[in-house]
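Values quoted throughout were computed directly from the atomic coordinates according to the rules given, and no laboratory measurement underlies them. Values in this document were obtained by computation on a predicted structure and should not be read as measured data. Here the Cβ positions follow ideal geometry from the backbone for every residue, glycine too, while neighbour counts run over all protein chains shown.
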Amino acid sequence: MTRRVVITGIGVRAPGGAGTAQFWDLLTSGRTATRRISFFDPSPYRSQVAGETDFDASAEGLSPREIRRMDRATQFAVVCARDAVRDSGLDVGALDPHRTGVCLGSAVAAATSLENEYRVLSNDGEKWLVDPEHLSPYTFDHVVPSVMPAEVAWTVGAEGPVTMVSNGCTSGLDSVGHAVALIREGSADVVLAGASDTPITPIVVACFDAIKATSTYNDDPEHASRPFDASRNGFVLAESAAMFVLEEHGSARRRGAHVYAEISGYATRCNAYHMTGLKTDGREMAEAIRAALDESGVDGTAVGYVNAHGSGTKQNDRHETAAFKRSLGEHARRTPVSSIKSMVGHSLGAIGSVEIAASALAIEHGVIPPTANLHTPDPECDLDYVPLVAREQRVDTVLTVGSGFGGFQSAMVLRRPGTAGASA
Amino acid sequence: MRTMTIDDLRTILVSCAGEEESADPRADISDVPFDDLGYDSLALMETGARIERDFGISLPDEVVAELRTPRALLDLINENLAGAR
Amino acid sequence: MRVHVTGLGVTAPNGLGVEAYWDAVLEGRTGIGELTRFDASALPARLAGQVLDFAAEEHVPNRLLPQTDVSTRFALAAAEWALADAKVDPAALTDYDMGVVTSTASGGFEFTHREFQKLWSRGPRYVSVYESFAWFYAVNTGQISIRHGMRGPSSALVAEQAGGLDAIGHARRTARRGTPLVLTGGVDSAFDPWGWLAHVSSGRVSTGTDPGRAYLPFDTGARGYVPGEGGAVLVLEQAEAARARGAHRVHGEIAGYASTFDPPPGSPRPPGLRRAAELALADAGLTAADVDVVFADAAGVPALDRAEADAITAVFGPRGVPVTAPKSLTGRLLAGGGPLDVVTALLSVRDGVIPATAGTTDVPDDYRLDLVHGSPRGAAVTTALVLARGRWGFNSAVVVTAVPD
C-alpha cells in the first residue's frame, strides 16, 4: 500500500515578515514587500529592486559561531527548519535519527558569502590569481553548498538520507518532491524538506541584468513585480526560505499531529529546448501537471486553486497560461490562478517551497492570495488571476508549479486532509 | 571613420556564441537569418553587449531583439558608430 | 524492477574514454601531477589530478563553448560517449522516456570566477549572459537534456563526494518509477586559482610533492588527498526496456543503493558509513558474503581512513573482503568520484580483475583490511560495493552486480 506524505510543520522567512503568520498576513492583505535594493548601492545595475528580507540572525536565535560559519541562505534554512519542527509539535528527542532525513533546495546557495570572500581574496578583481593570505576557513563550505542540508540535519540530529536538490528555480518544488519519494519508498519516515536562497548580491543581480530578465521599474519598487499584467517587464529578485516537516501520514496521525495538507502528487519534466528560453506552447509544464494530477489520482477539474510560477517575465506568464489551458482544458478558465511573486518577488530556488507554504496555508485558511499589481492583464494571459484582492474561498486541491533555467518544469498537488481520496 | 564589416561582426558572433561546425567560413552570411545561423536571443544579447562595450555605443534591447539578419544588425551598428563620431 | 547499466563514459585525469582510463588503472598510470592551470608555485599544495588531454573543441559542439565551464564540457563529452557506448539514439526514443540526473559539488566554478573578476574589475556590464546558468549546479543536467532531447524527470543533487552515488541512486529510483532510460553521473572541476584555494581551505589537501606519494589512502604515510577533476556518466535503463530495444551489452546492474548521514559533530553516536553499506546490501537483497570487492571512499586522511576501515571490517569482518581505491591514480573528483568508481567496478566485473590502490605500501595492521595494492589481483567479481563519503557527514553506497548474458 502506498505510504502517504503530509505536511505537519511550516517555517517561512520571506520579505515583509519574520515568520509564517506575518508571511500569510502579507499575502492575504495584498501588500507588496519589494523595495529598492539596500544591501549595496544598486545604482550601477539595470535592475535596482528586490524582495529583501529583514533578518536578524541573533534575534532568530543563531549563536555567534553559527552566524560566522553559515552563509545567509544556510541561516535562513536553519531558522525555518527550527520553526517548522516547533510548529509540527514533534518531539525531537523521540525521533528515530535513522528514519529522519533532509532535502534542501537552493539555486545559488552561498553566493553572498562567495562574493564577499572573492572581493577580499582578489582585492576587487585586481588579478586572476587570488591571495591565499586572505583565505577564509569557510571557503570550501561556500563553494560546495551541501553544507546547507548538513546544517539543517544537525538541528534535529537526522541520520537518514540527507541531500541537496539544486535544480535552479524549481529547486524548492523538486526538493520537496524528492523528500516525498523518500518517505513513500520507505527510506525515511520524517523529512525536513524545503529550500532557501539569498541571491541579492551583485554577481546575481548582474547576471540577470545581462539577460534582461529582471524588472526595471526602479522608480516604483513596490509595484515592480507585475505578473500577468500587460506592463510587466521582468521578475523581481528576492530572498526567502521555507522548510516543512513532512511525515508519513499514519505516524503523523498516531501522534495526533495537525496536518496542513497531503502532498498527493508531484512530477517534473525538462523542455530540452533552451537553458533560459521557453517555447510558447507550455507542452512540458502541461505534461508535468498531468503527471502530478495522475499521481494524485484526481483529474484537472478537482483543482480549486493554481499557485502559479507567475514570475512576471513576458515569456513565462504566457508559457504558463498556455500550460494551464493545455493541462486543465476549459477548467483552467474557471480556476483562480495567482502569483505570490507579485508581493514577495522571486527567490530563485527557494520560491517553490515558499509557494508550497502559501498553497498549504490557502487550504488551511480558505483564502486564496491575490496577484498584486495586476491592473491591466496581458490579453494573452486571459485566466482568472485573482487581481489585487485576496478571495475567501474553500480550497481542497491546490496545484502549484515552477519553471526554471535549464528547462525544468515542475508541478505539485496538495490536498486538504480528509478530502475524498486524500488522507484523513 | 570607424565602420564595422561583416567579417568583423562574424568574428564577434563566433566569439560570443560559436558557430556550426559545418559553417563555411567564406560564405556570405549577411542575409542569412539569425535563426538559420543558430543564433538565438541569448546569443544576440551577448553579442550586442560586447559590441556596446567595445565600441562605446548603445544598441537598444527592443530594437536588437527585432533584428533578423546580420546585415540588419550591422546597419544598426554602423549607424550608431556614425552618430557617435 | 531491475535497472541495468548499458553505457559508460569517462573523463578522468588518467584517461579519456572508458578503455584508455581502464588501461591506465590496470597499468598503474597516474593522472596526478603539478598543477598547470595557473602559477601555483607559491602555494603549499600543488599536485592535482588534471584532465590534460581534453581538447574541448573536439568533443563539444562549437556552439556550446562560449557558454560552458570546463566541468560542463566534461559532462557533455562523457554523456555523449556513454550514449554511444549504449548505442542509444535518443532521437529514436520518446522524449519523456529519458531523464538526466547528475551531481556536481562546485558547479561551473572557473567560469563564474571569470565573471566575478569581470564584475569587480570592470563593472556589471561586463558580466556574460551565460553566467546566469553556466555556474549553477543544475547546468550539466540542463545542457545534457537539451543536447539529447531528453524531457523526462531530471534533477541535480549535491552532497560533496557522496553526491555522484546519490545521483546514480536517484537515477535508479527514477527508472523504477517509470522512466525507461536515465543518463546519470557526476563531474567536477575547480582548478582556477580561487577554486584551488577552496580545495586547500578544506584542510584535507595533501602538501606532498611526489605525485606517486602525495595521496596514500590507508597508508601509514597518509597525509591528505589530492583533488582531481572529471568524472563519469552512465546510461541506466529499465532491464526490460534495454532488452526491448535490443541493447547489445549490459555492463551490470545497479542492484542496491542507500545513503545515510553522520550524527552531529561531537555526538557520541557512531558514524553512518557502515549503515549505508548494510542498507545498500539489504536493498540489493544480498549479504556481505556475496561481495567480491569494496571500492573504498579512501579519504587519505588517517582518522577518516581508520573510520572507513572500521566500517568495512564491521560489515565484512577483519580482512573479510578485498578493498581497493584506484582513485589514488586520479585524486578525489568530488561528484565525479563515485560514478567513476562505479564504472571501475563494472570493468572489474567484466574483466575479472581488481585494480590496485596505487602508492599505498604500508597499511597499518590494525586497519585489518585486505587492501589490494602493488598490482591488480585477478578475481572473479560478480558483486562490488562502492562507498563514498561527502564532507560534513554524507555517506552513500552503491551495489553493482554482474548480469549473466
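Annotations for the structure displayed:
- Backbone N atoms of the range A:1-20 closer than 17 Å to the 7 Å Cα→Cβ label point of residue A:255 belong to residues A:4-11.
- All other residues whose Cβ lies under 11 angstrom from that of residue A:112 are scored, Lys and Arg at +1 and Asp and Glu at -1, for a net of -4.
- The ranking of A:260, A:45, C:21, A:273 from fewest to most other beta carbons within 10 Å of each one's beta carbon is A:273, A:45, A:260, C:21.
- Residues in the range C:180-204 that a label on residue A:127 would reach, taking backbone N under 18 Å of a point 7 Å out along Cα→Cβ: C:192-198
- With R₀ set to 22 Å, the beta-carbon distance separating residue C:368 from residue C:269 gives a calculated FRET efficiency near 0.45.
- Gain upon complete extension [residue C:122, residue C:361; 0.36 nm per residue less C-alpha separation]: 80.9 nm
- Taking 7 Å steps out from each Cα toward its Cβ at residue A:230 and residue A:29 produces label points 3.1 nm apart.
- Calculated [θ] (222 nm, deg cm²/dmol) that DSSP helices of n ≥ 4 give over chain C, each run adding -39,500 (n - 2.57): -9500 deg cm²/dmol
- Residue A:3/residue A:375 FRET efficiency (R0 35 Å; Cβ-Cβ; nearest 0.05): 0.15
- Semi-axis lengths (Å, descending) of the ellipsoid that matches the C-alpha gyration tensor of the range A:304-424: 21, 16, 15
- Residues of the range B:1-43 with amide N under 16 Å of a point placed 7 Å along Cα→Cβ from residue C:57: B:11-26
- Relative intensity of chain C on a log10 scale, I(q)/I(0) at q = 0.06, 0.08, 0.11, 0.12 Å⁻¹, equals -0.21, -0.37, -0.72, -0.86, per a Debye sum over C-alpha point scatterers of equal strength in the absence of solvent.
- Residues A:208, C:109, C:38, sorted so that the one with the fewest Cβ neighbours within 10 Å comes first: C:38, A:208, C:109
- Globularity index of chain A, i.e. its alpha-carbon radius of gyration over 2.2 N^0.38 Å: 0.92
- The sum of -39500 (n - 2.57) across all DSSP H runs of n ≥ 4, divided by the residue count of chain B, sets its helix-only mean residue ellipticity at 222 nm to -17500 deg cm²/dmol.
- Mean separation of Cα contacts under 8 Å, 6 or more apart, over the residue count of chain C: relative contact order %: 23 percent
- On the beta carbon distance between residue C:38 and residue A:365, with R0 = 56 Å, the FRET formula returns roughly 0.50.
- Debye-sum result for chain B in log10 I(q)/I(0), which assumes one identical scatterer on each alpha carbon, at q = 0.13 Å⁻¹: -0.36
- Radius 10 Å from Cβ of residue C:368, net charge of other residues (Lys, Arg +1; Asp, Glu -1): -3
- The range A:282-424 - percent relative contact order, Cα under 8 Å, separation 6 or more: 30 percent
- The ranking of C:327, A:325, A:279 by Cβ neighbour count inside 10 Å, starting from the fewest, reads A:279, A:325, C:327.
- With K and R counted +1 and D and E -1, the other residues having a Cβ less than 13 Å from that of residue A:408 yield a net charge of -1.
- Relative contact order of chain A, defined on C-alpha pairs under 8 angstrom at six or more residues apart (%): 24 percent
- CD proxy at 222 nm, helix term only [per DSSP H run n ≥ 4: -39500 (n - 2.57); per residue of chain A; nearest 500]: -10000 deg cm²/dmol
- Equivalent ellipsoid semi-axes - Cα gyration tensor, the protein assembly as shown, angstrom: 40, 34, 26
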